[in-house]
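Remarks on the structure that follows.
The values are calculated or read from the model by the stated rules, or taken from the named source; none is laboratory data. The structure displayed is predicted, hence computed values, not measured ones. Positions of Cβ are generated from backbone atoms using ideal geometry, with glycine treated the same way; all protein chains shown enter the neighbour counts.
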Amino acid sequence: MSGTASLWAHSPAPSGTRWHALRDHLRGTADLARRFAAPFGGGDVAYWLGALHDVGKAGCDWQGKLKAVAGTDQPVGIDHKALGTRLASERGLGRLAVAIYGHHGGLVDVSDLGAAVKGRLAKNRGNVASAEQALSQLLPDLPPSLAGLVPASWRQDTRVGEMAVRLCFSALVDADSLDTSAHFQGLAEPRVRDVVDFGYLYDLFERRRGEAVTGRGTASIGSVREQVFADCVAAAGEPSGMFRLGAPTGAGKTLASAGFALRHAKERGMRRVIVAVPFLTITEQNASVYRGMLDEDGVEPVVLEHHSQADFDDGLGGRWARLAAENWDAPFVVTTFVRLFESLFGRKPSTMRRVHRLANSVIVLDEVQALPHRMLAPILDGLRLLVEHFGTTVLLSSATQPEFWALNEFSDLPVTDLIRDTPKLVNDLRRVRFEWQLEPKPTLVEIAAQAAVDGSALVVTNTTADAKTVFDHWRDTEPEDVAWHLSTRMCPDHRRRVLEQVRQRLQDGQRVLLVSTQLIEAGVDVDFPVVFRAQAPADSLLQAAGRANREGRLASGRVVVFAPADGGQPPAYKTLVDCTRRHFGPDRSDPDNPNTLPGYYTDVYDALNLDDGRHVGQQIQQARARWAFQTVTDGPLDGSTGRRDPKLAFRMIDDEGISVVTPQGAETPEQQRDLEDLIERLRRDPVPDMAQLRRLQPYTTNVHPSVLRSAGVSALMRPLFGIEVRRGALVEWCGGYDRHTGIDLDPRFEDFVL
């Protein structure tokens, strides 16, 4: 081959004529990867991963095929990643070279890497040989050894090294994607946002927060919230590390945690703030608050809301949000636990592009008690590694602060509490008294009748069937505009409308009876004088209590904990409820006792055997120690079947449900017809329009995969794509949809709704 000037990485875009020089692509990717990895000390490693990632494209066979398929949709089809993997490994990067091998298909188990690379090299010997001949001209500064570039801690501790691979891989694939996209978009250089001035953002936040909190709540509540905020921002000057914000519901944690994060980013020179929450309702609510504090007209948005139902096609910030969501290139990101941790422990490039953004950033985990117990071992270990080795600050925020330090992953990790005197704060903000109806057990109808006597009241049940039982009683005995229902039977847009109307009626002093499943508990801002809560884990009881007398306008609100004689509960609740009964009740502590909660959580962790090596979380940890990336994500391989076991994989949500689109949940008949027409268009289109598909998200809910065992329910589902109703499918609901309670299921099938 005559020289590197005629070697190409990519053919022209369909609308252009400029070819992408391989030398330019390797250097462009390497420079960006170094920039992305520099904050965690991996800049030089990432640079050479980027410089070597596509050297296999220099081979004669690959170049010839690229020219042959230019202007078509056909792939080159010749391996180009094995050579760079081998070179990186041989020159001292060792197992870190797995990042190059996975930069298109995803990270693999390192134990499989050697054989896979060897097989690909053997299959393409001629192409590999000619690519190696061009190497000295493509990368004349490639050192004979790269070993000295790898930080010592990455080599000394397999867990640190495994996390370093994840971050370096993320930096590589993000850089590769950005450099490639810039070529195909005809840009002079990739789009990367400039470093933000967090000093300016913090000052803007402080000013707008002061305006927003004026007049909210009673004077005493307001003064307590101001003290919470002051304590949080006072601690923001501390060095990066692990922090806790344990404050009762209604203490203003949403704004206080953001104030801490913004000032900490300002003081410690950090790159971004990432707020993660457990549920979509909180994501949307918090993102709206933060946009009001940080976004300004006429300039690029600051706040990126990224979750499964975020609207990236709104015509305003939509295009920016869609691009920023791919790699979290935004100063302030609001996302979900699922999105955050399934990215961190993923293996596919599209999922992991954003992971490098976690280094040297502030991560706020709001309502942290909602992290799934079965995944706590890898989650806590991952957070610890980010804090101790990659410059991250983590803030754990919750009214029911879990006792994570009772687990091995956090046992000796230093932590700073933002609140100086938590017991005093709890006492100052105690706005409710607890009552217990455990023996004799009342029926759900009896609870519904009690609630109706109290004027406005909230009833929180453990299942959708129980919520419907309570609502049906009110439907028969109360005016229509008084009784309201909220559960996952209803599509998200339907739930949003109900919450808006309930909040407005409460604000106007009108009578409201609301029954909800536990979806209302974490972070949903409503204020009732009395709350009835079916017996549940202690943290759920306390979260429900946070919806009673939230603004402190009464001398005391009431929280009635009841054990329904005819109620159900999720299977996962049994152990947690048993632990709750041992610590809380009429002859024991109330759930808001901060001195009792640590013992409760320790009891829960012991009962669930979270430290047992056979527990799924510990098995994931063992796979991580082996750098078995695909095993972590997809589960271990069964030698007899050749299949992986997803039950032992990292999953934030246990069961992949069936996504059910309910156009019947639209607000008007005209909107329903538009959605039905859209569904039919999507069925006919050979390639779905993703923008159109996203329009269905506000009208989509999930049902449990066990529905497949019942022809009575599955027959009412019509697939949008294909002909099969199965796990992970997107289907249209063709059955009934009650305008108050949502999907209309036969009582025998109530447990199918997630």
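Name, by its number, the condition in (1) more than 29 Å from ASP611 (Cβ to Cβ); (2) at pLDDT 95 or above that does not hold for ASP421.
(2)
Any residue at all in the range 418-428 that's touching a Lys or Arg at 6+ places or on another chain (Cβ under 9 Å) and among the charged types (D, E, K, R)?
no
Mind telling me which of the residues ARG347, ARG374, ARG384 ends up being in contact with a helix residue (DSSP H, G or I) (Cβ under 8 Å, 6 or more places away or on another chain), assigned to a helix (DSSP H, G or I) and under 30 Å from ARG35 (Cβ atoms)?
Unique residue meeting the criteria: ARG384.
Does the range 668-689 contain any residue that is polar (S, T, N, Q) and closer than 30 Å to VAL577 by Cα?
For the range 668-689, residues polar (S, T, N, Q) and closer than 30 Å to VAL577 by Cα: absent.
Within the range 629-644, how many residues turn out to be at pLDDT 90 or above and farther than 24 Å from SER170 by Cα?
3
For the range 722-737, enumerate the residues that are free of Cβ contacts under 8 Å to residues at least 12 places away in the same chain and crowded, with 16+ Cβ neighbours inside 10 Å.
Scanning the range 722-737 gives no hits.
Could you go through the range 414-431 and let me know if any residue there is touching a Leu at 6+ places or on another chain (Cβ under 9 Å), hydrophobic (A, V, I, L, M, F, W, C) and within 22 Å of ARG155 (Cα to Cα).
Scanning the range 414-431 turns up no residue that is touching a Leu at 6+ places or on another chain (Cβ under 9 Å), hydrophobic (A, V, I, L, M, F, W, C) and within 22 Å of ARG155 (Cα to Cα).
Of the residues that sit in the range 190-205 and are of a type in the set (Asp, Glu) and under 27 Å from the mean Cα position of the chain (by Cα), which one is farthest from THR29 (Cα to Cα)?
By that ranking, first place goes to ASP197.
Conditions: (1) touching a Ser or Thr at 6+ places or on another chain (Cβ under 9 Å); (2) outside any loop (DSSP other than H, G, I, E, B). ASP578 meets all but one. Number of the miss?
Of (1) touching a Ser or Thr at 6+ places or on another chain (Cβ under 9 Å); (2) outside any loop (DSSP other than H, G, I, E, B), only one is false for ASP578: (1).
With (1) modelled with pLDDT of 95 or more; (2) part of a helix (DSSP H, G or I) as the list, and ALA325 as the residue in question, which single condition is left unmet?
Unmet for ALA325, out of (1) modelled with pLDDT of 95 or more; (2) part of a helix (DSSP H, G or I): (1).
For residues in the range 350-371 being touching a helix residue (DSSP H, G or I) at 6+ places or on another chain (Cβ under 6 Å) and under 15 Å from SER257 (Cβ atoms), which is surrounded by the fewest Cβ atoms within 10 Å (Cβ to Cβ)?
My answer is GLN369.
Residue pairs, Cβ under 8 Å, 6 or more apart or interchain, first in the range 492-507 and more than 26 Å from ARG553 (Cβ to Cβ), second of a type in the set (A, V, I, L, M). List them.
Here the result reads PRO492/LEU280; ASP493/ALA666, each pair linking the range 492-507 to a residue that is of a type in the set (A, V, I, L, M).
Quick test for you: out of VAL173, VAL165, pick the one residue that is at pLDDT 95 or above and in contact with a Ser or Thr (Cβ under 9 Å, 6 or more places away or on another chain).
That would be VAL173, the only listed residue that is at pLDDT 95 or above and in contact with a Ser or Thr (Cβ under 9 Å, 6 or more places away or on another chain).
Residues being part of a strand (DSSP E or B) and closer than 22 Å to THR596 by Cβ: count how many of those fall in the range 414-432.
Total satisfying the criteria: 2.
Please go through the range 684-727 and pick out each residue that is of a type in the set (Ser, Thr, Tyr) and farther than 17 Å from THR464 by Cβ.
Hits for the range 684-727 are TYR699, SER714.
Among all residue pairs at least 6 apart or on different chains, which show Cβ distances below 6 Å where the first residue, located in the range 10-29, is in contact (Cβ under 8 Å) with a residue 40 or more places away in the chain and the second is exposed (fewer than 15 other Cβ atoms within 10 Å of the Cβ) and among the aromatic types (Phe, Trp, Tyr)?
Correct list of pairs: empty, since none qualify.
Which ones in the range 444-503 are among the charged types (D, E, K, R) and closer than 27 Å to LEU696 by Cα?
Scanning the range 444-503 gives LYS468, ARG489, ASP493, ARG495, ARG496, ARG497, GLU500, ARG503.
Checking the condition over 30 Å from TRP8 (Cα atoms) and among the hydroxyl-bearing types (Ser, Thr, Tyr), which residue from THR180, THR249 passes?
THR249
Kindly establish whether ALA449 is in contact with a Phe, Trp or Tyr (Cβ under 8 Å, 6 or more places away or on another chain) and outside the structural domain of ALA251 (by TED's automatic domain parsing).
The answer is no for ALA449.
Please determine, by comparing only the residues of the range 200-220 that are modelled with pLDDT of 80 or more and of a type in the set (A, V, I, L, M, F, W, C), which one is nearest to LYS266 (Cα to Cα).
LEU201
State all residues of the range 126-141 that are buried (at least 16 other Cβ atoms within 10 Å of the Cβ) and outside any helix (DSSP H, G or I); if no residue qualifies, say none.
LEU139
How do the pairs read when you match residues in the range 439-455 that are modelled with pLDDT under 95 with residues anywhere that are buried (at least 18 other Cβ atoms within 10 Å of the Cβ), using Cβ under 6 Å and keeping only pairs 6 or more apart or on different chains?
Partner pairs satisfying both residue conditions: ASP454/VAL530.
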